[in-house]
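Here is the structure we will look at.
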Amino acid sequence: MHELVITGGRPLRGEVAVLGAKNAILKHFVAALMAPGRHRLDNVPDIVDVRLMGEVIAHIGAKCRFVGSTVEIDVPEDLLPEAPIDLVRRMRASILVLGALLARCGEARVALPGGDDFGSRPIDMHLDGLQALGAEFDLVHGELIARAPGGLRGAEVPLDFPSVGATENLLFAGVMAAGTTVISNAAREPEIQDLAEFLGKMGAVIRGAGTSTIEIEGVGRLSPASHRAVPDRLEAGTYLVAGAITGGDVTVRDCVPEHLRMELRKLGETGCEVTVGKDWIRVQGPPRPRAVDFATLPYPGFHTDMHPQMVALLAVASGTSVITENIYAARFRYVGELNRLGADVSLEGQHVIVRGVDGLSGCPVDACDIRAGAALVLAGLIAEGATTITAAQHIDRGYSGFDQRLRDLGADVVRRSPAPGST
């Protein structure tokens with residue numbers, strides 16, 4: 001358990017480089033299971049979720065060796081095709097081993113993931129799609145027992161919604177299924193394109209990744225490969241908002257500006273001066289931001305995981321902003337904590353109404369998930385006095401060295417263990 005203590009009032013200035021995307025690397029670990037041998041992943045951040053996924057694939061039989069930002073994964077010929085409940089509870093993305101293990105082993109036992117702070121995220125589309133490819137499922141004592149008695153066979157799979165997880169599970173299954181698999185209304189996220197690139201290096205035949213229709217020609221066997229993960233657009237976006245909210249001047253390097261197209265547009269509308277290069281973005285914050293409206297949508301729309309950070313910025317904007325959350329209907333636990341700092345944020349169904357205030361004041365708040373925690377840190381950067389953020393380990397799930405990197409930009413952030421008896 002850790003907490004962060006932030007003393008606000010310092011404009012952030014300087015440069016920060018981002019590492020690989022958490023939402024890509026977790027899937028690369030799963031992809032490695034599909035080919036025996038040694039894989040090498042570069043640009044890997046040292047974050048809690050990456051270590052947890054390492055535990056998941058270690059249970060299945062792989063061995064992970066972490067050296068700096070490089071991970072070597074040794075995968076044996078024989079795997080234990082299961083992900084038990086204690087691991088799935090800690091790492092929800094474990095459900096993605098379902099498609100990979102069905103393809104590699106013809107069977108899988110995966111605990112059914114429960115709900116989380118973002119409300120229900122059912123896996124019906126995952127299961128319906130895999131069933132179209134020949135998988136059969138039984139639910140026994142909270143565990144999915146999956147088999148493909150006749151082997152996986154290519155099929156046309158239209159998704160009701162461009163679900164990232166369902167698209168990934170179908171990619172894993174389709175690359176080793178007999179024949180052709182076509183996913184329509186597929187997710188288009190950069191992390192999907194990156195996963196397809198890694199699978200392609202392993203010998204998969206995938207066309208159309210990054211579009212709404214992905215076509216996969218199944219192959220009989222994959223080979224180990226090396227891959228450098230795509231930069232983390234959410235980490236990049238968070239540091240840019242940190243510069244904006246403090247009226248500072250922050251440049252993020254080693255990123256892909258195109259992956260933040262909608263988020264940069266909205267930052268510009270708040271009054272930020274936004275400059276982009278081939279692999280860098282510079283944001284100069286205004287004296288006070290202007291209110292803007294936005295809606296979260298699948299890529300290339302505004303990313304739901306940038307919603308809380310943007311609300312922190314708009315909390316001190318001039319005017320009223322309306323945010324419509326279209327992805328995770330119950331991701332609003334951060335609202336009460338932000339209001340404790342003096343924000344005026346209210347909920348009306350799936351809409352967040354943000355009435356800008358003149359300033360925030362520091363107090364103890366709780367980081368209930370990764371992005372909520374990041375948003376509270378950003379708010380603390382401009383709050384008067386000290387803001388203490390408890391349960392900061394949630395932030396560590398998605399950001400490597402977050403407090404140190406903010407200090408490098410000029411923030412007053414201290415990490416400490418909670419006092420005995422504190423909650």
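The table below lists the values:
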read-out	value
For the chain, the longest site-free run once trypsin sites (Lys or Arg not before Pro) in DSSP loop states with at most 12 other Cβ atoms within 10 Å are removed	1-220
Total lysine pairs whose alpha carbons fall under 24 Å of each other in the chain (8 or more apart, or interchain)	8
Relative contact order [Cα under 8 Å, 6+ residues apart], the chain, whole percent	21 percent
Among Ala372, Gly8, Gly54 the positive-end extreme of the charge dipole of the chain (Cβ point charges)	Gly8
Of all DSSP beta bridges in the range 22-228, antiparallel share, percent nearest 5	75 percent
Whole-Å semi-axes of the ellipsoid equivalent to the range 209-347 (Cα gyration tensor, √5λ, descending)	31, 20, 13
Signed unit charges on C-beta, dipole axis of the chain, positive-most listed residue Gln284, His351, Gly398	Gln284
Kirkwood Rh and Cα Rg combined as Rg over Rh, evaluated for the chain	0.98
Distance-filtered residues of the range 264-295 - backbone nitrogen under 13 Å, label point 7 angstrom along Asn326 Cα→Cβ	294-295
Among Glu273, Glu215, Glu348: highest mean-square fluctuation, GNM of the chain, C-alpha pairs under 10 Å	Glu348
Rounded to 5, the percent of DSSP beta bridges in the chain classed as antiparallel	70 percent
Counting DSSP beta bridges with both ends in the range 303-385, the antiparallel % (nearest 5)	90 percent
Within the range 22-228: Cβ-based charge dipole about Cα centre, in debye rounded to nearest 20 (Lys, Arg +1; Asp, Glu -1)	480 debye
The chain, dipole about Cα centre (Lys/Arg Cβ +1, Asp/Glu Cβ -1), debye to the nearest 20	640 debye
Summed side-chain charge close to Thr180 - residues other than Thr180 whose Cβ falls under 12 Å, Lys, Arg +1, Asp, Glu -1	-1
Global geometry of the range 239-320, whether rounded, prolate or oblate, following the gyration tensor of its Cα atoms and the 1.5 cut on a/c	oblate
Student exercise, the range 357-423 dipole from Lys, Arg, Asp, Glu Cβ charges, in Debye to nearest 20	240 debye
Spatial separation of Cα centroids for the range 287-353 and the range 1-46, in angstrom	24 Å
Selected from Gly142, Pro122, Ala186, residue furthest toward positive end of dipole (the range 22-228; charges at beta carbon)	Ala186
Residue-averaged [θ]222 nm for the chain, counting only DSSP H segments that reach four residues, each worth -39500 (n - 2.57)	-9000 deg cm²/dmol
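FYI, it's all coordinate maths here, none of it is from the lab. It should be emphasised that the depicted structure is a prediction, and the values quoted were computed from it without experimental measurement. Cβ sites come from the backbone with ideal geometry, for glycine too, and all protein chains shown count toward neighbours.
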